[in-house]
1. Based on this model, can you work out whether B:Arg94 counts as over 21 Å from B:Phe165 (Cα atoms) and either crowded, with 16+ Cβ neighbours inside 10 Å or in contact (Cβ under 8 Å) with a residue 60 or more places away in the chain (or both)?
2. Residues to consider are B:Arg153, B:Arg160, B:Arg134; find the one that is surrounded by fewer than 20 Cβ atoms within 10 Å (Cβ to Cβ) and not in a helix (DSSP H, G or I).
3. Looking at the stretch A:22-48 only, could you name the residues that are more than 17 Å from the chain's Cα centre (by Cα) and in a helix (DSSP H, G or I)?
4. Kindly establish whether A:Tyr44 is within 14 Å of chain B (Cβ to nearest Cβ), touching a residue at least 60 places away in the same chain (Cβ under 8 Å) and either over 22 Å from A:His185 (Cβ atoms) or touching a helix residue (DSSP H, G or I) at 6+ places or on another chain (Cβ under 6 Å) (or both).
5. Among (1) more than 10 Å from every other protein chain (Cβ to nearest Cβ); (2) at pLDDT 95 or above; (3) closer than 24 Å to B:Pro41 by Cβ; (4) within 20 Å of the chain's Cα centre (by Cα), which single condition is B:Gln208 missing?
6. Tell me, which residue of the stretch A:66-76 that is more than 7 Å from chain B (Cβ to nearest Cβ) and buried (at least 16 other Cβ atoms within 10 Å of the Cβ) is nearest to A:Ser11 (Cα to Cα)?
7. Under the condition of being part of a helix (DSSP H, G or I) and of a type in the set (D, E, K, R), which residue from the stretch A:49-103 is nearest to B:Gln46 (Cα to Cα)?
8. Looking at the stretch B:23-40, can you tell me whether even one residue there is within 14 Å of chain A (Cβ to nearest Cβ) and out of contact with any helix residue (DSSP H, G or I) (no Cβ under 7 Å at 6 or more places or on another chain)?
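The values are calculated or read from the model by the stated rules, or taken from the named source; none is laboratory data. Just so you know, these numbers come straight off a predicted model, no measurement behind them. Here the Cβ is made from the backbone with ideal geometry for all residues, glycine too, and neighbour counts use every protein chain on show.
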2 protein chains.
Amino acid sequence: MVLRFYFEFASTYSYLSAHLIEALAGPRGISVEWIPFRLGPLLYDQQGMKDSPFNLVPVKGTYMWRDMERLCAAHDLPFERPVAFPQNGGLAARLTTALPLAERGSFVRAVYAANFAQQKDISTVAVLAAAAGRDVDEIAHLLEDPACKATVRGNTDTARSLGIFGSPSFVTPDGELFWGHDRLHQALDWITHQSHRNLQSNPNYEVQP
Amino acid sequence: MVLRFYFEFASTYSYLSAHLIEALAGPRGISVEWIPFRLGPLLYDQQGMKDSPFNLVPVKGTYMWRDMERLCAAHDLPFERPVAFPQNGGLAARLTTALPLAERGSFVRAVYAANFAQQKDISTVAVLAAAAGRDVDEIAHLLEDPACKATVRGNTDTARSLGIFGSPSFVTPDGELFWGHDRLHQALDWITHQSHRNLQSNPNYEVQP
């Protein structure tokens, strides 16, 4: 069974999910499909936002940074509020799709750590190469493939069609959508315990091909 | 020890917190202070919203109703998507402050159930009287006290000064703010385990008098 993990590299709470999802899913026999998408276009189309809601609504931003500090402390994850927020995660998203499947998890985790614990600029090839454990030239070559960009664009379109509006989002094999790091356990429970047996199937979230 | 529970009667997720908070807090020796406030003025002042975000952003509304359906099923709480949303919880908020402390919890739970499980109009004295287990005349008399309205207004002002922007919100004795039903456990843990010992005190959330 596979849990589809939709994530935007600029998203704070997705840092937590990226670091915990495989450790939580693995013991249940659930594998993770890493699906980078761009949240910016959805925020603009759905809510008219041209910046992170945490910048546009300062009271929410203040809360979120404190919440992140608490959550990372609880999970023993390093955290340092980035000076630059939100960062442009476009290149990192493309590169994720260009890497072999087996390398994606560790790459994604390294990029999130660069963003939210190390004050690094994740829009640079140098930082991405270090996160991938590869040479800069190799990374530049991988990014030349136009398929990377098309894949991320396709992921974003699929996210939109699934009703996704934030990151992290999780989609179960039967098309159920869960939003937010605090729903990760419920998404896994949904698969494991089939806890939806008491509920009618959800007409809003059709399984996408 | 007391956990301050700020709630708006129109708020869907607060229905879950209202029904679970005493059962979760009691065994830890934590009591609950029921603090009704008006979220509408905060949504307008902080985000320019004149309606529920779940109406203004349909993709969020679609998700929220499904999420509520799942969560209520998981907690064996009756749930029926209300035809009218959001309802005006102003009168219910005022009445909460007029009732004896010992009656507030059961009253609040009954009003939330009327709203989210019974399609009742919680802006009417008849529904509120039934929720309070009192006569309509008695309720009307209690609501005549201008102190009720002033208290709710004061609660709303305090909520604003605490950095509250949504419901449910929980504030610990040391002034730490937690937002959302999915943070209820963390708010209780914060009090019980003093899990903030590893964190610096939070300059953003001063303890209010």
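1. no
2. B:Arg134
3. Residues satisfying the conditions are A:Gly26, A:Pro27, A:Arg28, A:Tyr44, A:Asp45, A:Gln46, A:Gln47.
4. Answer is no for this residue.
5. (2)
6. Here the residue is A:Met68.
7. A:Lys60
8. Taking every residue of the stretch B:23-40 in turn, at least one turns out to be within 14 Å of chain A (Cβ to nearest Cβ) and out of contact with any helix residue (DSSP H, G or I) (no Cβ under 7 Å at 6 or more places or on another chain).
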